[in-house]
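Please read the structure below before turning to the comments.
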Amino acid sequence: MNLADERLKELDNPSLTETERALLRCRVAADFIHRGQYEAAGEALGELWRGIGQRPNVDGLDERTTAEVLHQAGALSGWMGASQPAQGAQDAAKDFLSESAALFERVSETAKAAFARSDLALCYWREGAYDEARILLTRASDELTDADAERRAIVLLRWVTVECAAGRLHNALGILKESERILSGSENHVLRGSFHNLHAVTLRRLGAMEGHGDYYDRAIIEYTAAVFYYEQARHERYAARIENNLAFLLYKLGRYADAHEHLDRAQSVYVRLRDEGSLAQVDETRARVLVAEKHYREAARFIAGAIKTLEQGGESALLADALTVQGVVWARVGGYESSLHILRRAVAVAEEAGALSNAGRAALTLIEEHGARRSTTDEEIYDLYRRADRLLKGTQNAEELARLRACALLVMRRLTGVRFGEKNFTLFSAVQELEAKLIGRALDEAGGSVTHAARLLGIRHQTLTSMLRTRHKGLQRKRTPVQKRLKSIIKMPKE
């Protein structure tokens, strides 16, 4: 029997006051959340819990107890909203956690306020708002001391998660060293597992950034250690997450059969736990492996299911990554228009959420898959490259830098025009490409007005309209919406 189970038995004590019972429920729920047993946490909260994103029942509770209940309800809504995607779950969780932190401050519970803000930071991290998450975690770390070692270690590990997502890997390594000092000698298997997992993630990304294969070998060792500690803690959900992380690394190393084996393990756990959000992440990794194996039809099935799930939640960065994979799949099977639409959406979703590196990678993918095709204009490809360069300006990732250079060459080749030695060159195709370029520039100069653009080009309005409707349909989006002319209500007299 674990500590949470022992505390649950205490709820049967009839002498407990309403406040004591609520506080006990919060302590039990916090333990379950820490171990990833979210359904059990909801049950432990009992009548206080009203569901994901629903304000908890705090009627009749004092400020300190209300703050505790709001904290656990907010943390649980955030985690459950990710595993069982629910629209608005992260926003509701942020409201509860912000209110909880404010109440803790009011009753001089500084450490608890700091910890509530670290849970609030996780909500921003799930949405891809890494800067906001970092600010909250920096403040929380400063307010917690080694006297509250376990909480401070949790905050530091959450900070590492954000720095890894944002690509600030050397910062992540520095924070890991601090957390390792705090955790030395700790018997908390969950925290030890989290440390090894995040160390592995950081090493894996450093391997990609600096091109050193030994980082990957060390990452595999760290992932293995993480699985061991999570299994010791009977933390199935987190152990399955490591299986997915390890599969991603093996995919990057070209070990596709091994990657599928680890994905199968993660999938079986998440299916049993009915964790749709985590299962969607496994499916996204699976789709990447299948694309690498050129099994595009099968990849399309997995990534479509992942996107359907992720669209129900608020994790924009994950959704943007999944859309990027889907855009690649559609391009490889010849669905170029669908691929363009999906990749444009991926860039927009990530950038709107503040997940700039995700947006930059999506923009690079669009250039890679469509930069040599005439379904995109020269202006769009050029603008996309400039956008990707801006979004990834701080990247130190060797793979991303190599992709930026390759895309720069592709864009320059595209802008210099068609060459005689190119495959499928014809005079008609070269003229049509130049025609599209001039029409696009004219529409930009005219602010989308077809009448003014036609005047700039020296042709009739009807001629330009016909060209846009037939051989340059892709430029229709540059024009202002067509307005139907009103018919005259004055009848002409008969002669």
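The values are calculated or read from the model by the stated rules, or taken from the named source; none is laboratory data. Please read these numbers as outputs of a predicted model, since none were measured by experiment. FYI the Cβ positions are ideal-geometry reconstructions off the backbone, even for glycines, and counts take in every protein chain you see.
Numbers for the structure displayed
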item: Search result, residues across segment 110-141 that are out of contact with any helix residue (DSSP H, G or I) (no Cβ under 7 Å at 6 or more places or on another chain) and either among the β-branched types (Val, Ile, Thr) or farther than 24 Å from GLU352 by Cβ (or both); result: ILE135, THR138
item: Pair list, Cβ < 8 Å and 6+ apart or interchain, from segment 310-322 residues that are in the same structural domain as VAL347 (by TED's automatic domain parsing) and buried (at least 24 other Cβ atoms within 10 Å of the Cβ) to residues that are of a type in the set (D, E, K, R) and part of a loop (DSSP other than H, G, I, E, B); result: LEU319/GLU311
item: Selection count where residues are touching a residue at least 40 places away in the same chain (Cβ under 8 Å) and either in the same structural domain as ILE381 (by TED's automatic domain parsing) or surrounded by fewer than 16 Cβ atoms within 10 Å (Cβ to Cβ) (or both), scope segment 439-471; result: 1
item: Answer from ILE367, ILE381 - the residue that is in a helix (DSSP H, G or I), more than 19 Å from LEU318 (Cβ to Cβ) and within 21 Å of the chain's Cα centre (by Cα); result: ILE367
item: Cβ pairs under 6 Å, 6+ apart, first in segment 180-204 and closer than 15 Å to GLN232 by Cβ, second assigned to a helix (DSSP H, G or I) and among the acidic types (Asp, Glu); result: HIS196/GLU222
item: Pairs, first at positive phi in segment 263-279, second among the polar types (S, T, N, Q) and surrounded by fewer than 20 Cβ atoms within 10 Å (Cβ to Cβ), C-beta under 9 Å, six or more apart; result: ARG274/GLN84
item: Checklist (1) more than 26 Å from VAL333 (Cα to Cα); (2) surrounded by fewer than 23 Cβ atoms within 10 Å (Cβ to Cβ) applied to PHE248, failing item; result: (1)
item: Qualifying residue in segment 394-414 (condition: within 20 Å of the chain's Cα centre (by Cα), outside any loop (DSSP other than H, G, I, E, B) and modelled with pLDDT of 80 or more); result: yes
item: Tabulated pairs, segment 97-116, first under 19 Å from ILE135 (Cα atoms), second not in a helix (DSSP H, G or I), C-beta under 8 angstrom, 6+ apart or interchain; result: ALA111/LEU144; ALA114/LEU144; PHE115/LEU144
item: Qualifying residue in segment 33-50 (condition: surrounded by 14 or more Cβ atoms within 10 Å (Cβ to Cβ), touching a Gly at 6+ places or on another chain (Cβ under 7 Å) and either among the aliphatic types (A, V, I, L, M) or at pLDDT below 95 (or both)); result: no
item: Residues (surrounded by 14 or more Cβ atoms within 10 Å (Cβ to Cβ) and either in contact with a strand residue (DSSP E or B) (Cβ under 9 Å, 6 or more places away or on another chain) or at pLDDT 90 or above (or both)) located in segment 1-19; result: THR19
item: Tally, over segment 321-359, of residues that are in a helix (DSSP H, G or I) and over 13 Å from the mean Cα position of the chain (by Cα); result: 17
item: Yes/no for GLU284 being surrounded by fewer than 20 Cβ atoms within 10 Å (Cβ to Cβ) and either assigned to a helix (DSSP H, G or I) or of a type in the set (Phe, Trp, Tyr) (or both); result: no
item: Boolean, TRP49 is farther than 20 Å from ARG117 by Cβ and touching a residue at least 24 places away in the same chain (Cβ under 8 Å); result: yes
item: Subset of segment 331-340 (residues that are surrounded by fewer than 24 Cβ atoms within 10 Å (Cβ to Cβ) and touching an Asp or Glu at 6+ places or on another chain (Cβ under 9 Å)); result: ALA331, ARG332, TYR336, LEU340
